[in-house]
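A quick write-up on the structure given underneath.
Read-outs throughout are calculated quantities, based only on the coordinates presented, and are distinct from any laboratory measurement. This structure is a prediction, so every number in the text was calculated from the model and none was measured. Here the Cβ positions follow ideal geometry from the backbone for every residue, glycine too, while neighbour counts run over all protein chains shown.
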Amino acid sequence: MTQTFYKYQGTGNDFVFIDNRQELFNKNNTKLIAHLCNRRFGVGADGLILLENDSASDFKMVYFNADGNESTMCGNGGRCIVAFAEMLNLFKEKTTFIAIDGLHEATIENEFVKLKMQDVNEVEVHDSHTFLDTGSPHHVTLVENLKEYDVKTEGSKIRYGSSYNNEGTNVNFVDQINANTFAVRTYERGVEDETLSCGTGVTAVALAMHATKKTNTEEVTLNVEGGTLKVSFEKTTNGYKNIWLQGPATLVFKGEIEW
């Protein structure tokens, strides 16, 4: 079978996209999804995303990790599917779509996407780290010498640690640059390695840094290995609302693959 696909990236976080509005793609074929994401034998990506029809919004997002398993919300994937949907002429400038964690709003202008994330009502502040769920679970910790930090080794220890259940967690290592700017490197579960960027991860970092009083601004700049993202939000009595993840989302190429 021959499958048309599109490759998008958002600050280096890359995804294979398939227009599945006709529901021809087998979502249960874990081996196929992992093959498509394989960087040596397939297209190569951090994950695969299907765009499908939805009766209550412009489209539906179905996200799979590079290991082939359907996963929780992906922020950069959400930004990239907005660019993909615009290319398919499903909307102009503003859109809403459904994902595994609920309804999202988004806007796009000149490949710059602003994606509204779900409200966060709980931030767990511990002595050594902060934990919160921004559509996906995230462990956030400040470290020294971030550029030389062994993210894969240390991230895997925490990801599989006894503090988390069998599903594990994503892990973000952070260095503060100034009052509202932080450098971030992320170990992503499902990829089981460091990625160049993680949208739900930088969202978690921005909120965690505000919750721990490392910053008092409500718009934070996050420097990731693949570029720069911004997260804005409003503090509430219970947590955070009006959370927007902002950054570029770009088509890399379109192709066909046989299997």
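Observations on the structure shown:
- Here the Karplus relation 6.51 cos²θ - 1.76 cosθ + 1.60, evaluated at θ = phi - 60°, turns the backbone of the stretch 202-212 into coupling constants of 5, 4, 4, 5, 4, 5, 5, 5, 6, 5, 9 Hz, with x for every Gly and Pro.
- Segment residue 242-residue 41, length gained on full extension (0.36 nm per residue, minus Cα span): 68.3 nm
- Within the chain: Cβ-based charge dipole about Cα centre, in debye rounded to nearest 20 (Lys, Arg +1; Asp, Glu -1): 180 debye
- Length gained when the stretch residue 93-residue 213 is fully extended (0.36 nm per residue, less Cα-Cα span): 39.7 nm
- Eligible lysines near residue 27 by straight Cα distance, threshold 19 Å, same-chain separation 8 or greater: 7, 60
- Dipole orientation for the stretch 123-245: of the candidates 171, 136, 146, 136 has the Cα lying most toward the positive pole (charges on Cβ; Lys, Arg +1; Asp, Glu -1).
- Of 92/114; 157/214; 116/235; 214/235; 213/235, those spanning more than 22 Å from alpha-carbon to alpha-carbon: 157/214
- Projected label distance in nm at residue 178 and residue 69, using a 7 Å step from Cα toward the beta-carbon: 4.2 nm
- As a length-normalised measure over Cα pairs under 8 Å and 6 or more apart, the relative contact order of the stretch 123-245 settles at 21 percent.
- Here the Karplus curve 6.51 cos²θ - 1.76 cosθ + 1.60, taken at θ = phi - 60°, turns the phi angles of the stretch 196-201 into couplings of 6, 6, 8, x, 5, x Hz, with x standing for Gly and Pro.
- Kirkwood-based shape ratio for the chain, expressed as Rg/Rh from alpha carbons: 0.95
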